[in-house]
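The values are calculated or read from the model by the stated rules, or taken from the named source; none is laboratory data. All values derive from a computational prediction rather than experimental measurement. Please note: Cβ atoms are built from the backbone with ideal geometry, for glycine as well, and neighbour counts cover all protein chains shown. Just the protein is used for accessible areas: all its heavy atoms, side chains included, with ligands, DNA and RNA removed. Shrake-Rupley method; radii C 1.70, N 1.55, O 1.52, S 1.80 Å.
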Amino acid sequence: MDAHDIADGRARWQRRYDEARKRDADFTTLSGSPVEPVYGPPEGAVVPGFERIGWPGEYPYTRGLHPTGYRGRTWTIRQFSGFGNARQTNARYKMLLEAGGGGLSVAFDMPTLMGRDSDEPQSLGEVGHCGVAIDSAADMDVLFEGIPLADVTTSMTISGPAVPVFCMYLVAAERQGADLSRLDGTLQTDIFKEYIAQKEWLFPPEPHLRLIGDLMEYTGKHIPRYKPLSVSGYHIREAGSTAAQELAFTLADGFGYVELGQSRGLDVNTFAPGLSFFFDAHIDFFEEIAKFRAARRIWARWLRDVYGATSEKALWLRFHTQTAGVSLTAQQPYNNVVRTAVEALSAVLGGTNSLHTNALDETLALPTDEAAEIALRTQQVLMEETGITNVADPLGGSWYVEALTDRIEAEAEAIFQRIRDMGSDGSITAGILRGIEDGWFMSEIADAAFVYQQALEKGDKRVVGVNVHTGSLTRDLDILRVSHEVEVEQKQLLGQRRAERDNALVKARLEAMVAAARGGENMIPAMLDAARAEATLGEICGALKEEWGIYREPARF
């Protein structure tokens, strides 16, 4: 790009920056020196390939979605939390919000994630242990008691039974008197990554995609601010993938959902802004920053050139980030505070829109209140003290960062081509489904995890407290323990609710939902009616399992 084009780009950025809203804040260094909102090539410079870097708020969005960066709005502090029963988790949410959290992110227990009720035999010993137990809309009422859902953005990390859980959330909002059309939040719903990495599915892929398509249609028409899909790379990375695999598999899944929306006749300019992403921030500082920058560039180019999007918001890749759970160690757990801070910093320098920071004790148990507060304060120290919110994409133009960004992008593009080649019709969706069926994704992740484990055991990769600097004065931590009484009480409460509801109405509503499943109508209204009647999660999912069957992963050797 020649000097004239660069100068024109800077002028465009300046106009947009001047017109944008900025926070009332001190944009100087700790020593009081003023800093510019963005930095770029010096006047008259010629920078080959600068169009791939560009300016904040301008295609291809390598440097961020907004011309102001975090001067306009800082990232949302969204701490992932849930344990025990709805009452206990409600108290934790109130603590986080009062301490400065900007939104809620719900962690569900394993029975809920698998679409089971707390009193099913498979739920024994798991109720409330890795998140909150939700059996019906009544639990959602308690979960958000005193927290106005009309005013708080809520993310729910669940995929297999995401749609019925979402319906219970809508019922709880209705009972609060909220205008459902104005609700704002995110539902994960990403079933592709379940088959690829996390393994929390219910049905075969086709009916899952049917439900997701119904959800996209329903929210687009009735709840336009709500994001019905958060395409997740986090679980892919936690399973052992490389950074490039995480990026490529995640964006490929996102392209698959774009193809799903278009197959429903939806306008990509309308539904694509409702797609969001969820990435891992791992410990290799610069590689993670490059990954996030490449993600925005790839998404913008594919949405424009492959899927025909023309609106700016359809080209924007918005993403939430969580620091890497697999980087935490049980040995010398206080080191995890440092790891989390470094990982959070990489997410911010990569331009994340919202962020969760892991607690130091999460490798051992769910976080205690004290550990959760330290994790929250980690973000607040970064936001309030370090000056990183003063300049948009401060590492833009770094030879190292730009080279890493280009390399990760090239690796991802090669993976996209491989996925396309696997499909029968050249689409990303067909390639993903074939890759799931053949076990290709799992094999790729397993190979990457094996290579890393070998390097760790040889000492080529070092982890402080594990294979280097192992001496320590650290004492055992006091950890959060979920009482067995939580399960006993939840099962009793569930039995009481079943006894008090209109069971004939529940049966009729479930039958109407199954009838909708057999026909071509959108299933969300019928599922909402079932949730209003206090049909349980296990009953809703069980009725659909009878209709659609259960997915069983093929045995592979």
Task: Solvent-accessible ranking of Glu500, Glu43, largest area first, probe 1.4 Å - done: Glu43, Glu500
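Using only DSSP helix segments of four residues or longer, with each worth -39500 (n - 2.57), what per-residue ellipticity at 222 nm results for the chain after dividing by its residue count and rounding to 500?
Numbers: 20 runs with 269 residues, N = 557.
Only helices count here, giving -15500 deg cm²/dmol.
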Task: Relative contact order for the range 425-550, counting Cα pairs under 8 Å that sit 6 or more residues apart, in percent - done: 14
- [ ] Would you mind checking which residues have amide H under 5 Å from Val464's amide H? H placed 1.01 Å from N; only 5 or more apart, or other chain.
- [x] none
- [ ] For Gln262 and Glu384, calculate 0.36 nm times their separation in residues minus their Cα-Cα distance, and state this gained length in nm to one decimal.
- [x] 39.7 nm
TODO: Taking only the C-alpha atoms, wrap a convex hull around the range 329-415 and report its volume per residue in Å³ as a whole number.
DONE: 140
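I need the semi-axes of the equivalent ellipsoid of the range 47-113: take the C-alpha gyration tensor, multiply each eigenvalue by 5, square-root it, list largest first in whole angstrom.
39, 15, 6
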TODO: Note down the nm distance, to one decimal, between modelled labels 7 Å out along Cα→Cβ at Ala11 and at Leu97.
DONE: 4.9
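When N counts the residues of the range 445-536, how does its alpha-carbon radius of gyration compare numerically with 2.2 N^0.38 Å, as a ratio? Provide the component values of the computation, followed by the final result.
Working: Rg = 25.9 Å, N = 92, 2.2 N^0.38 = 12.3 Å.
This ratio for the range 445-536 stands at 2.11.
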Task: Accessible area of the chain belonging to carbon and sulfur atoms, whole % at 1.4 Å probe - done: 51
TODO: Quick one: compute the contact order of the chain, relative version, from alpha carbon pairs under 8 angstrom and 6+ residues apart, as a percent.
DONE: 18
TODO: Can you give me the three principal axis dimensions of the range 195-244 from its C-alpha atoms, in Å, biggest first?
DONE: 38, 25, 15
Task: Computed over the range 149-259, Kirkwood Rh from alpha-carbon pairs, angstrom - done: 14.5
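Quick one, what does Rg over Rh come out to for the range 93-208 if you take C-alpha atoms and the Kirkwood Rh? Walk me through the numbers on the way to the answer.
Numbers: Rg = 14.5 Å, Rh = 14.9 Å.
Here Rg/Rh amounts to 0.97.
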TODO: Please work out the average accessible area per residue across the chain, using the 1.4 Å probe convention, and give it in Å².
DONE: 41
Open item on the list: Given 10 °C and 1.306 mPa s, compute D for the range 55-156 with the Stokes-Einstein relation, Rh being the Kirkwood radius over Cα pairs; round to the nearest whole µm²/s.
Closed with: 104
TODO: Would you work out if the range 392-441 is rounded, prolate or oblate? Take a ≥ b ≥ c from the square roots of the eigenvalues of the alpha-carbon gyration tensor; rounded if a/c is under 1.5, else prolate when a/b is larger than b/c, oblate otherwise.
DONE: prolate
Open item on the list: Working only with C-alpha atoms, what are the Rg and Dmax values of the range 258-359, expressed in angstrom?
Closed with: 16.4, 54
TODO: Working from the alpha-carbon coordinates of the chain, get Rg over Rh, Rh being the Kirkwood radius.
DONE: 0.96
Task: Angstrom value of the Kirkwood radius, inverse mean 1/r, which spans all Cα pairs in the range 359-506 - done: 22.2
TODO: Averaging sequence separations of C-alpha pairs under 8 Å and six or more residues apart, then dividing by the length of the range 258-413, give the relative contact order as a whole percent.
DONE: 26
